[in-house]
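Notes follow once the structure below has been shown.
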Amino acid sequence: MAVILETTLGDITVDLYTEERPRTCLNFLKLCKMKYYNFCLFHSVQRNFMVQTGDPTGTGRGGESIFCKLYGDQARFFEMETNPRLKHRKVGTLSMVNNGGNMHGSQFLLTTREDVDYLDGQHTVFGEVSEGEDILNQINEAICDNEHRPYQDIRINHTVVLDDPFDDPAGLADHIPDRSPEPTKEQLESGRIGADEAIDDTAGRSHEEVEEMLQEKEAKARTQILEMVGDLPEADVAPPDNVLFVCKLNPVTQDEDLEVIFSRFGEIKCCEVIRDQKTGDSLCYAFVEFEKPEACEEAYFKMDNVLIDDRRIHVDFSQSVSKVWKGGPNATKGGQKSKFELKDKSKGAGKQYDLILEDEEEAGHSRTRGRDRSPDTGHDRRSKDSESRSRHDKHKKKHRRDSSSSEDERRHHRKHHRKERDSHDKKHRKHDRDSGDESHGKRDRHERDDRPKHREHYRSRSREKEHRHSRHEKHRHKH
């Protein structure tokens, strides 16, 4: 069973699941038969999701079933059919919209992508698109507002029932018109671009007007790009009208020279030749800021192609917005600091027109570092480092001398101790040769008596040696 939906973009043919969803298909077929859907808007178009229509009011909150026409307002909605379970798997699946409480009226939707499984069980699937997928895709690509409503109306002009297997309920014949009705004024007043209106911005315009319009659009697109990349504070920013741009200057021309020349047109607030950041050489162009825009305009008309320092200059109105960022009609209000700042240049460079973007936080850090750092700070730090290195070298030399002297002292003590021990042994051996057994016994006793004293002397020497060594180690660790 099939129905043709004739839309303002083309025809869409849908096949109905009359066996699986008999009550829903009966409601849809009889509404189509009585031309209920004629001039209904596609009031919701969610790209790559679904398109929704079937509400004669065009708000998405209206619509009623065929049973309301037959039995009154108590039958405005009917219950959804859930068995057998059908899913939203295909592009172009036709489904009845749930009006709340699992009740249906007249609104229906068509899916514009596959596997919209989260609609399963919420809306009743009762058909699919068999022809006109390209028309459905055109509806899907419509330009819409934030509420998913197309800016240009897309409507169902007419519905044609190709086959109806259901008998007409009693009383339905009274609601079926002989011919398709004409749209009412309320139906056509949607507040949007009409479905039959041609959108042509160039209609009724001359070639020059069309060119100007295209240039304005291109300029607007460029300013939006500059705003996105951070080269402009906002797309609608405009340069000041009291600043004159002067170029083709002689490199010898100074700020004071230009101020004297241009001051005859009016009071000058600022006059500066832009210079190279590193070398300080003139870049042969300048900005002259007047107190009044009228003086700037007069200088523009009278100073172009004038000879200054053997050079014919060219003047034009300034297109720079750097001073606007610093503080002007488009600067931040309420005493707040601008997000962008102008960083001062050294070597005589232009300070007001030389634009550098810098975040507020980074600017604060840079200013803090600039205040804390003095010109002599680096020199003081280098002198302190050299002093600390010299002290460190002195300590190392002293430590080496102390270690070498202590080593010599220990070597001397060991040598002296060996000499004493050898001399003592020689004396005992000589005494043993000269004396007999008695004297030998006396010598043994004397040796036994002297042995503890010798050991005590050796231990004292060892302790002294260990003490000196530990003292040396402490000194070395401390250093």
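Some notes on this structure:
- Residue check for Glu182: surrounded by fewer than 10 Cβ atoms within 10 Å (Cβ to Cβ), acidic (Asp, Glu), part of a loop (DSSP other than H, G, I, E, B) and without any contact (Cβ under 8 Å) to a residue 60 or more places away in the chain: yes
- Number of the exception - Val288 against (1) farther than 15 Å from Asn242 by Cβ; (2) under 44 Å from the mean Cα position of the chain (by Cα); (3) of a type in the set (A, V, I, L, M): (1)
- Selection count where residues are of a type outside the set (Gly, Ala, Ser) and open to solvent by 10 Å² or more (accessible area, probe 1.4 Å), scope the stretch 94-116: 9
- Residue pairs meeting the criteria (Cβ under 7 Å; at least 6 apart or on separate chains; first more than 16 Å from Ser320 (Cβ to Cβ), in the stretch 269-288; second among the basic types (Lys, Arg) and part of a strand (DSSP E or B)): Asp281/Arg275; Ser282/Arg275
- Only one entry of Arg155, Arg179 meets the criterion of being under 28 Å from Met1 (Cβ atoms) and in contact with a Leu (Cβ under 6 Å, 6 or more places away or on another chain), and that entry is Arg155.
- Hits in the stretch 113-172 - residues which are small (Gly, Ala, Ser) and over 26 Å from Glu186 (Cα atoms): Gly121, Gly127, Ser130, Gly132, Ala170, Gly171
- Matching strands (runs of 3 or more DSSP E) fully within the stretch 216-327 where at least 2 residues are open to solvent by less than 20 Å² (accessible area, probe 1.4 Å) and of a type in the set (A, V, I, L, M): 243-247, 268-275, 282-290
The rows are residues; the columns are (1) under 34 Å from the mean Cα position of the chain (by Cα); (2) open to solvent by 40 Å² or more (accessible area, probe 1.4 Å).
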{"site": "Tyr118", "(1), (2)": "yes, yes"}
{"site": "His123", "(1), (2)": "no, no"}
{"site": "Glu131", "(1), (2)": "no, yes"}
{"site": "Asn137", "(1), (2)": "yes, yes"}
{"site": "Asn140", "(1), (2)": "yes, no"}
{"site": "Asp145", "(1), (2)": "yes, no"}
{"site": "Arg149", "(1), (2)": "yes, yes"}
{"site": "Asp163", "(1), (2)": "no, yes"}
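- Sole exception among (1) part of a loop (DSSP other than H, G, I, E, B); (2) surrounded by 12 or more Cβ atoms within 10 Å (Cβ to Cβ) for Met213, by number: (1)
- Residue within the stretch 158-175 that is within 20 Å of Arg192 (Cα to Cα), in contact (Cβ under 8 Å) with a residue 24 or more places away in the chain, part of a strand (DSSP E or B) and assigned by the TED database to the domain that holds Tyr36 present: no
- The number of residues in the stretch 189-210 that are farther than 21 Å from Gln138 by Cβ, of a type in the set (A, V, I, L, M) and not in a loop (DSSP other than H, G, I, E, B) comes to 1.
- Scanning the stretch 185-204 for residues that are farther than 15 Å from Pro56 by Cβ and exposed (fewer than 12 other Cβ atoms within 10 Å of the Cβ) turns up Gly191, Asp196, Glu197, Ala198, Ile199, Asp200, Asp201, Thr202, Ala203, Gly204.
- Whichever residue in the stretch 26-67 is free of Cβ contacts under 8 Å to residues at least 60 places away in the same chain, out of contact with any Ser or Thr (no Cβ under 9 Å at 6 or more places or on another chain) and not hydroxyl-bearing (Ser, Thr, Tyr) and, among such residues, is surrounded by the most Cβ atoms within 10 Å (Cβ to Cβ): Phe67
- Residue list for the stretch 165-179, restricted to those being farther than 10 Å from Met34 by Cα and surrounded by 10 or more Cβ atoms within 10 Å (Cβ to Cβ): Pro165, Phe166, Asp168, Pro169, Gly171
- Residue check for Val14: open to solvent by less than 10 Å² (accessible area, probe 1.4 Å), assigned to a strand (DSSP E or B) and under 17 Å from Arg192 (Cβ atoms): no
- Some residue of the stretch 65-73 being among the charged types (D, E, K, R) and modelled with pLDDT under 90: yes
- Selected residue (only one of Arg21, Arg85 is basic (Lys, Arg), over 25 Å from Asp174 (Cβ atoms) and surrounded by 16 or more Cβ atoms within 10 Å (Cβ to Cβ)): Arg21
The values are calculated or read from the model by the stated rules, or taken from the named source; none is laboratory data. Quick caveat, the model's predicted, so the values are computed rather than measured. All Cβ positions, glycine included, derive from the backbone under ideal geometry; neighbour counts span all protein chains shown. Note: areas computed on protein heavy atoms with side chains; ligands, DNA, RNA excluded. Shrake-Rupley method; radii C 1.70, N 1.55, O 1.52, S 1.80 Å.
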